[in-house]
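Note sheet for the following structure.
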Amino acid sequence: MKQLALDIGLATVPTLNSFFAGPNAATVDHLRLWSTSPTRSPVPTYLWGEGGSGKSHLLCAVQEALREQGLKVGRLDAHSINPPAFDPAWAAVLMDDVHLYDLAQQHTAFNWFVNALTPATGAPRWVLAAGALPPADLKLRDDLRTRLGWGHVYALQVLSETERRAVLRQEADARGIFLSDEVMAFMLSRFSRDLGSLMQLLDNLDHYALQNQRAITIPLIKLMLESE
């Protein structure tokens with residue numbers, strides 16, 4: 001059986017509505033207000049938290065919300081190679097996993113940050129960034145680190161097992177799917193704690209169970225993984 005401690009089959013686009021806020025409701029409210037407001041504040045926002053807290057989901061959700069409005073954004077993450085120069089047509093700048101940036105990426109991030117807030121390039125753009133550590137603890141160049149901590153800073157909390165179980169149960173019920181306590185425990189112990197990944201897992205299981213005309217059981221989950 002394939003071991004799956006990572007996100008599988010993320011075919012759906014993350015949205016703010018699909019993010020279960022739980023203890024992070026204030027953060028989601030802030031992002032929703034900003035991404036839908038016709039007059040967006042240029043004050044930057046920084047999200048931080050451990051893996052599985054939903055940072056990347058929220059950045060992708062904001063990007064999708066802006067895309068639906070016909071707006072372009074600049075996006076930089078730790079895997080970006082030869083990122084483009086700052087584009088004045090961008091409505092916002094998104095930076096993910098800033099704690100992993102190498103020197104070249106830090107240089108790009110600082111350049112984008114300065115240009116986003118410089119009147120000479122047009123109206124100030126919003127900067128939304130995320131990392132695993134609070135700004136003061138980031139091992140980055142000083143001028144970038146201080147800018148990341150200048151505006152709104154939100155610490156994201158990973159949902160408790162009880163909260164993840166409740167969300168899975170609610171989503172399964174909405175789909176008309178029965179998940180036994182044993183199946184729930186298996187899913188929560190063997191897969192990513194990222195709720196978005198668990199929702200996608202449930203979606204995959206739903207389709208696989210329908211194709212095979214079987215109930216969702218632990219043996220069925222193992223069979224699905226072996227067929228991947």
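The values are calculated or read from the model by the stated rules, or taken from the named source; none is laboratory data. Owing to the predicted nature of the structure, the values given are computational and were not obtained by experimental measurement. Here the Cβ is made from the backbone with ideal geometry for all residues, glycine too, and neighbour counts use every protein chain on show.
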- Residue list for the stretch 146-164, filter: free of Cβ contacts under 8 Å to residues at least 60 places away in the same chain and crowded, with 18+ Cβ neighbours inside 10 Å: R164
- Query: For residues in the stretch 140-156 being assigned to a loop (DSSP other than H, G, I, E, B) and within 22 Å of the chain's Cα centre (by Cα), which is farthest from T27 (Cα to Cα)?
  - Reply: L140
- Query: Among S197, S160, which is the only one that is of a type in the set (S, T, Y) and out of contact with any Phe, Trp or Tyr (no Cβ under 8 Å at 6 or more places or on another chain)?
  - Reply: S160
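Conditions tested, residue by residue: (1) modelled with pLDDT of 95 or more; (2) touching an Asp or Glu at 6+ places or on another chain (Cβ under 7 Å); (3) closer than 22 Å to R32 by Cβ.
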{"position": "P88", "(1), (2), (3)": "no, no, no"}
{"position": "A92", "(1), (2), (3)": "no, no, yes"}
{"position": "H107", "(1), (2), (3)": "yes, no, no"}
{"position": "W112", "(1), (2), (3)": "yes, no, no"}
{"position": "A116", "(1), (2), (3)": "no, no, yes"}
{"position": "A120", "(1), (2), (3)": "no, no, no"}
{"position": "L128", "(1), (2), (3)": "yes, no, yes"}
{"position": "G131", "(1), (2), (3)": "yes, yes, yes"}
- Condition test on I221, is it of a type in the set (V, I, T), over 20 Å from A21 (Cβ atoms) and part of a helix (DSSP H, G or I)? yes
